[in-house]
Amino acid sequence: MAREAAALVAGIVFGLGLAISEMVNPAKVIGFLDLAGAWDPSLAFVMAVAVPVAAVAYRLMRGRAAPLWDGAFHLPARRAIDGRLLAGAAVFGIGWGMAGLCPGPAIAALVSGDGRVVAFVAAMAAGAAVVRWFGGARTPAPGSRRSDR
């Protein structure tokens, strides 16, 4: 129960942060990404605060054997920079630039009821399902020792 409560509180804090910073507003995000036009630098300040906070939290985490309410940390096993990673990053960036939304803010923006946000999340879920269906989302088998998959 503590694990679920901690996840709920973290999700609420994250969602509030996205809403307060206006990361859930596609026009704001596109304005930030429009370096050659009417650039809106306000989201750079969000990142300037978020990156050091995350760095401190990650540093504190590294000193622990496990999280408070779980038996182990669940960190990505893959570390290779390969074609799949670069292609995924490119698709993510293109989609972010076109829609002004990325997964976290899109899910937080669902509460707005905006049909465009709902369509974006539905398309995102469908894309994830297609990738999984065709075997693109490979995860190591339980007990596997390979960490570069």
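Here, each number is a calculation from the coordinates, and none is a lab measurement. Being a predicted model, the structure only gives us computed values, none of them experimental. Because the Cβ atoms are built from the backbone with ideal geometry, glycine has one as well, and the counts that use them run over all protein chains shown.
Worth a mention:
- Per residue of the chain, the DSSP helices (runs of n ≥ 4 H) give a summed -39500 (n - 2.57) that works out to -20000 deg cm²/dmol at 222 nm.
- Dipole moment magnitude, nearest 20 debye, the chain about Cα centre, only Lys, Arg, Asp, Glu C-beta charged: 800 debye
- In the elastic network of the chain, a GNM with C-alpha springs shorter than 10 Å, the most mobile of 117, 131, 29 is 131.
- With the biggest extent put first, the Cα atoms of segment 30-120 measure 46, 31, 31 Å across the principal axes.
- Across segment 51-62, rounded Karplus estimates of 3J(HN,Hα) from the backbone phi angles (6.51 cos²θ - 1.76 cosθ + 1.60, θ = phi - 60°) give 5, x, 4, 5, 4, 5, 4, 5, 4, 5, 5, 4 Hz, Gly and Pro being marked x.
- Near residue 18: Cβ cut-off under 15 Å, other residues only, Lys/Arg at +1 and Asp/Glu at -1. The net charge is -1.
- Relative protection proxy for 5-15, 118-128, from highest mean packing down: 118-128, 5-15 (other beta-carbon atoms within 10 angstrom).
- With R₀ set to 22 Å, the beta-carbon distance separating residue 53 from residue 7 gives a calculated FRET efficiency near 0.75.
- Among 75, 92, 53 the positive-end extreme of the charge dipole of segment 39-106 (Cβ point charges): 75
- Order by protection proxy (mean Cβ within 10 Å, highest first), peptides 48-55, 101-108: 101-108, 48-55
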